[in-house]
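Trainee: Let me begin by handing over the structure; questions about it come next.
Read-outs: derived from the displayed coordinates by stated rules, not from any lab. Keep in mind that this is a model prediction, so the values were computed, not measured. Virtual Cβ from ideal backbone geometry, glycine too; neighbours counted across all protein chains shown.
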Amino acid sequence: MQDVLKIGIAGLGTVGASVVRLIAKRDNRLAEAAGRPIRVTAVTARSRRKDRGIELGSARWIDDPVQLATDPEIDVFVELMGGAGDPAKAAVEAALASGKAVVTANKALLAAHGTALARKAEAKGLPLNFEAAVAGGIPVIKTLRESLLGNTIERVYGILNGTCNYILTRMAEEGIAFEDCLADAQRLGYAEADPTFDVDGYDTAHKLSLLTSLAFGTLVDTKGMSIEGIRSIKPVDLKMADELGYRVKLLGVAARTADGVEQRVHPTFVPREAAIAQVNGVLNAVAIDADAVNLTLVGPGAGGNATASAVIADIADIARGHRTAPFIRPVAMLTKAGRAPLAHHEGGYYIRLEVVDRPGTAARIASRMAQNNISLESIVQRRSGPVRGGTDPAAAAAPAPVVLITYATTEAAVRRALKAMEADGVLIGRPQVIRIERS
């Protein structure tokens, strides 16, 4: 058996502590599978005194992450601090410059600097592994790097944020408002005190940018991505989705199109019978459509043990001497993704309108849709006030909700039709527009 592989871990939060615990627990099994013992020999974190419920044994404590990254007594630097900037960035760069293999779970760092870090790793012939950066315990990075090399991938999409999936699941099942569900998620620890990163779609966008690069051989790029969160979703949207045979999920979608690679994050109607529609609560799912095989991977997208499982798998690969380019192809072979404008996106749409309840409104809506070559699969109108012809003029003009489901059309056509309806004065408030993703 080979010499011990010595690990330095920066960050002893939920994930870091779980990595330490699982390596100790699986000691002999890991050594047998990896062909050499794996030991945590040095660590760093914000506080030495915090009780993390783990035994560090003989592991040395090093106060500075960069010093740990360059420590001559470690072979692998495991970065679990998080954040797109320093100290995570400086520490990973220092580790690579010092000839250390790197394992990270830091999607924000990779979304911002992944290409540059991959170039540094390649120049030194070092692994830069990041299975835990996307979808927690789901082995989607390994699947794309190794298992699907015989495929041409056309689309990769998924539920990449457990907080949003938990909120949408609760809203659908219990009919509660977004704000109330978010507050409950924060109380239970599923959402951060500042939930912006999750509920506004940025966490999903960072993860999607990595999947896009792996799937399509492009440079990591979040700037050309369309990003929408879930704050605008109302219980009525989830109720209508159920009535019409759909579920609502926050999806990250990357697809090959004639205009280039389309990257988008937004709430989505998915058919109720689709596998991804059955993924509820804090679970994640990633679906991959390719020419030879289509598959959907489901599992825990966060949590100490799930994420630590992915980190340890990366460490074991290094112990076995298994190495591949971080983004499958060498950085020099990655191409700049031609950005497919969202206006060119084609698909079905759910459109919920609040309209003035007066004669001619429905005809005007239908006319504007027809003028933009938008065909309707279904239309549902619900009266929210007294029937027309009552004695109260104000009640007769109360908003009437109208829901439209379109056949395949373009984003640009939908926006033109809605702009025309607004000019006609038949709309009250902002229309709700949710894209439909066919399975």
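Trainee: Return one number: the angle in degrees, 0 to 90 and rounded to the nearest 10, between the long axis of the Cα atoms of helix 162-174 and the longest principal axis of the Cα atoms of the chain.
Mentor: Taking the Cα atoms of the chain, the angle to 162-174 is about 40 degrees.
Trainee: May I pose another question? Mind checking which of 292, 218, 279 is farthest towards the positive end of region 141-300's charge dipole, using Cβ charges of +1 (Lys, Arg) and -1 (Asp, Glu) about the Cα centre?
Mentor: 292
Trainee: Rounded to the nearest 20 debye, what is the charge dipole size of region 5-133 about its Cα centre when +1 sits on each Lys and Arg Cβ and -1 on each Asp and Glu Cβ? Write down the numbers at each step before the final one.
Mentor: Values: 19 positive and 14 negative charges, 52 e Å.
Using Cβ point charges on Lys, Arg, Asp and Glu, region 5-133 gives about 240 debye.
Trainee: Quick one: order 196, 222 by neighbouring beta-carbon count within 10 Å, fewest to most.
Mentor: Details: 196 12, 222 17.
Fewest to most other Cβ atoms nearby, the residues stand as 196, 222.
Trainee: Select from 171, 18, 202 the residue farthest towards the positive end of the dipole of the chain; place +1 on Cβ of Lys and Arg, -1 on Cβ of Asp and Glu, and compute about the Cα centre.
Mentor: The one lying farthest along the dipole's positive direction is 202.
Trainee: Only sites in a loop by DSSP and with at most 13 other Cβ atoms within 10 Å count here; which GluC sites (Glu not before Pro) in region 242-343 make the cut?
Mentor: Details: sites: 243, 262, 273; in loops: 273.
When the GluC sites (Glu not before Pro) of region 242-343 are filtered for loop state and at most 13 Cβ neighbours within 10 Å, 273 remain.
Trainee: If you don't mind, another one. Mind checking which aspartates and glutamates have their Cα closer than 12 Å to the Cα of residue 207? Skip sequence neighbours fewer than 8 apart in that chain.
Mentor: Hits, sequence-local ones excluded: 131, 198, 221.
Trainee: In whole angstrom, note down how far apart the Cα centers of region 83-131 and region 256-315 are.
Mentor: Cα centroid to Cα centroid, the span is 24 Å.
Trainee: Can you give me the pair-distance distribution of region 141-300, C-alpha pairs, 10 Å bins, whole percents?
Mentor: 11, 40, 34, 14, 1
Trainee: Calculate how many DSSP beta bridges within the chain are antiparallel, expressed in % of all such bridges and rounded to the nearest 5. Mind dumping the intermediate values first?
Mentor: Details: 50 of 74 bridges.
Among the beta bridges of the chain, antiparallel pairing accounts for roughly 70 percent.
Trainee: A further question on this structure: Report, in listed order, any pair from 6/142; 89/336; 6/223; 50/107; 142/239 with a Cα-Cα distance greater than 28 Å.
Mentor: Numbers: 6/142 23 Å; 89/336 23 Å; 6/223 38 Å; 50/107 26 Å; 142/239 37 Å.
Exceeds cut-off: 6/223; 142/239.
Trainee: Separate question: Among (i) 0.97; (ii) 0.95; (iii) 1.05, which one is Rg/Rh (Cα atoms, Kirkwood Rh) computed from these coordinates?
Mentor: Checking each listed value against the structure points to (iii).
Trainee: While we're here: Using alpha carbons only, how many degrees (0 to 90, rounded to 10) separate the axis of helix 107-124 from the longest principal axis of the chain?
Mentor: With rounding to tens, the tilt is 40 degrees.
Trainee: At 0.36 nm per residue, and after removing the present C-alpha to C-alpha distance, how many nm does the segment from residue 24 to residue 416 gain when stretched out fully? Please list the in-between numbers first.
Mentor: Details: separation 392, 0.36 × 392 = 141.12 nm, distance 6.02 nm.
Extra length from residue 24 to residue 416 when fully extended: 135.1 nm.
Trainee: Taking only Cα atoms, what is the 0 to 90° angle, nearest 10, from helix 411-424's long axis to the longest principal axis of the chain?
Mentor: The two axes meet at around 40 degrees.
Trainee: Something else about it: Largest first and to the nearest Å, give the Cα extent of region 5-133 along each principal axis.
Mentor: 35, 34, 26
Trainee: Nothing charged except the Cβ atoms of Lys and Arg (+1) and of Asp and Glu (-1): what's the magnitude of the dipole of the chain about its Cα centre? Round to the nearest 20 debye. Display every interim value, and only then the final one.
Mentor: Details: 52 positive and 48 negative charges, 56 e Å.
For the chain, the charge dipole is close to 260 debye.
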